[in-house]
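The values are calculated or read from the model by the stated rules, or taken from the named source; none is laboratory data. Bear in mind that the values here come from a model prediction, so they are computed numbers and not experimental data. Note that we place each Cβ from the backbone using ideal geometry, even for glycine, and neighbour counts take in every protein chain shown. The area values use the complete protein model at the heavy-atom level, side chains included, leaving out ligands, DNA and RNA. Shrake-Rupley method; radii C 1.70, N 1.55, O 1.52, S 1.80 Å.
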Amino acid sequence: MLRLDRIIADASQRNWVDRYAPEGLQPYMKLSRLDRPIGTWLLLLPCFWSIALAAPMGEGPDITLFILFAIGALVMRGAGCTLNDIADRNFDGQVERTKKRPIPSGQVTLFQAIFWLGVQCLIGLLILIQFNVFAILLGVASLALVAIYPFAKRFTYWPQFFLGLAFNYGALLGWAAVQGSLGIAPVVMYFGGIAWTLGYDTIYAHQDKEDDILIGVKSTALKFGETTKYWLMGFYAVTITALLVAGTIIDLTALFYLLMIGAGLHLVWQIRTLEIDDGDRCLLLFKSNRNFGLIVLAAIILGKFSLPL
């Protein structure tokens, strides 16, 4: 059974925004999901993977790029969530988990939400223009994916695929920011990231399946149903395979493969312990993907170095 505080507030009332942020800013921060940082992590980690993968052998990733991408991920995830809430404003009020969000609850008007969306996009643009021309053009192209996702659940049972296209774009952009071009390795990583998102967001979507049926929106959770674990096996197998192939293309060292064993075991644990009708369990497993992403990041960074003899 879902915890009461999560049902009421769409996030634990013990989150840092409710506890510490100025009251007037709280609705805008919640529009950006700053009270729930897991989404920012899931958007940011493919960026970090790619930046680390593009670094020269024997060297760590560019910390300046890490900082810029961290800020960019924070504001663009916020912009995406704001756009999603604008698009879903007539649905969210009908769903227990989302009816207290700023727009359906009346804390923020539609005009204020659109203005806040513009502010976040402007900050994202200021970050983007710090990169090379190729990366800037590549970043601008991602806006189409960001715009499509909020509406995907209305016409397809695969909105998680469109989320994957948008959320893993950093696998391409991070590499481009370092190299000024694209290569096979980041493209392979991108496809692996899409499969990862299909897995973890299907788990997340199982929390809302009853409400989704009532209001007529679609998800992979509804499509897969009781066969979810078998689909997850396939998605996560593609994820691990793609990451291993990307590492092989770059000729990462044995340290990469050693840590990727841990990453693979983490995904196995998710599948084995998943209970699709237990909302708390689904949320816990969904959030655990930050740990998976950090293991992969550590594997890539250490894979740039040889084992000491």
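Take the chain with all the other protein chains still there, run a 1.4 Å probe, and you get 45 Å² of accessible area per residue. In the chain, the longest principal axis of the Cα atoms and the axis of helix 63-87 are about 30 degrees apart.
Charging the Cβ of each Asp and Glu at -1 and of each Lys and Arg at +1, and nothing else, the dipole of the chain about its Cα centre rounds to 140 debye.
Relative contact order of the chain, taken over Cα pairs closer than 8 Å and 6 or more residues apart, is 22 percent. Distance from the C-alpha centroid of region 83-161 to that of region 200-259: 22 Å, rounded to the whole angstrom. With axes computed from alpha carbons, what is the tilt in degrees of helix 184-205 against the longest principal axis of the chain, rounded to the nearest 10 within 0 to 90? The two axes meet at around 30 degrees. A value for Rg/Rh (Cα atoms, Kirkwood Rh) was derived from the coordinates, and within the list (1) 0.96; (2) 0.98; (3) 1.05 it appears as (1). The angle between the Cα long axis of helix 143-152 and the longest principal axis of the Cα atoms of the chain comes to about 50 degrees, rounded to the nearest 10.
With contacts taken as Cα pairs under 8 Å at a separation of at least 6 residues, region 226-309 carries a relative contact order of 44 percent.
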